[in-house]
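Only the coordinates and a few stated rules stand behind these numbers; no lab work does. On a predicted model such as this, the values are computed, not experimentally measured, just so you know. Because the Cβ atoms are built from the backbone with ideal geometry, glycine has one as well, and the counts that use them run over all protein chains shown.
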Amino acid sequence: MSEGSQAGARVEEILSTMDDIVVAASGGVDSLTLATLAGRTPGLRAAVAHAVSPAVPAAATARVRRLARREGWRLLVLDAGEFEDPAYRANPVDRCRYCKRSLYGAIRRASGAVILSGTNLDDLGDYRPGLEAAAEHGVRHPFVEAGVDKAGVRGIARALGLEEIADLPAAPCLASRVETGIRIEADLLAFVDRAERAVRDALGATIVRARVRRDGLVVELDPDALGRARDGVRRDLERTLQELGPDPLVRAGVRFAPYEMGSAFVHARQSAGAPRPTGGGAV
């Protein structure tokens, strides 16, 4: 048995102790792998909830819908309503807390089942204020309970035959691209999505983050793509982004830099750290 199959068996053993669950699926590898595993667990009444909003790329929603059709999921597509929360829109360093409160509250209203998230062990070393919102709603994290990290999740996905999901790069919500304290606006997030797709297509980049900063736009790239972004290519991309983007933002300047996880959260490193979920549903 492969390591992915062994990890999947540990998670399935945890899932088999449950009766009625709903998986919060963003469209990334973690939540889609968990949703697939839950949907294939015998005797488990499983649903999948996916929130649509300006912060969710259209590609992520399309991916969820495709897999839901293939796997026969009971899919709940809902509006989490985070844009109605002034605290979320103000974009504090703990913005994710307000986003997840909206998300889990909306799922709770749509379903009385236990909510599951795709949080894995590697997430616990990062700043994750959304875990506090998860605790408030009794959300369980089966990958954490089973001791599965990101590599383990990818292994489970491959064992399940989800090769296209297993190789997905990390893709947090579009609001994560906006520097702390800059107000979250729907049109700004739409630009971020357009900009990242344009850069990805032009460079064949694995990782692209169009970071909205107070002093302009910073395009962060994986090392290979950054190496391909030479002078002429950069000038072409800058012109493309100027055509796509809000004039004041791109006029302030477009810079290219190596990818740095969470770099838009300018005060996160000063935080006391992420809350850590524990096993058995207590988070």
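Please give the FRET efficiency for R69 paired with R239, using the beta carbon to beta carbon distance and R0 = 30 Å, rounded to the nearest 0.05. E between R69 and R239, to the nearest 0.05, is 0.15.
Fewest first, what order do M1, M261 take by the number of other Cβ atoms within 10 Å?
M1, M261
Summarising the amide proton neighbourhood of L76: residues at separation of 5 or more, or on other chains, whose placed amide H is nearer than 5 Å comprise V48, A49, H50.
Seen through its C-alpha gyration tensor, with square-root eigenvalues sorted a ≥ b ≥ c, region 130-257 comes out oblate because a/c lies at 1.5 or above while a/b is not bigger than b/c.
With the biggest extent put first, the Cα atoms of the chain measure 57, 41, 35 Å across the principal axes.
Rg to Rh for region 18-106: what is it, with Cα atoms only and Rh by Kirkwood? Rg divided by Rh gives 1.01. The helix-based estimate of mean residue ellipticity at 222 nm for the chain, built from -39,500 (n - 2.57) per DSSP H run of four or more residues and divided by its residue count, is -13000 deg cm²/dmol to the nearest 500.
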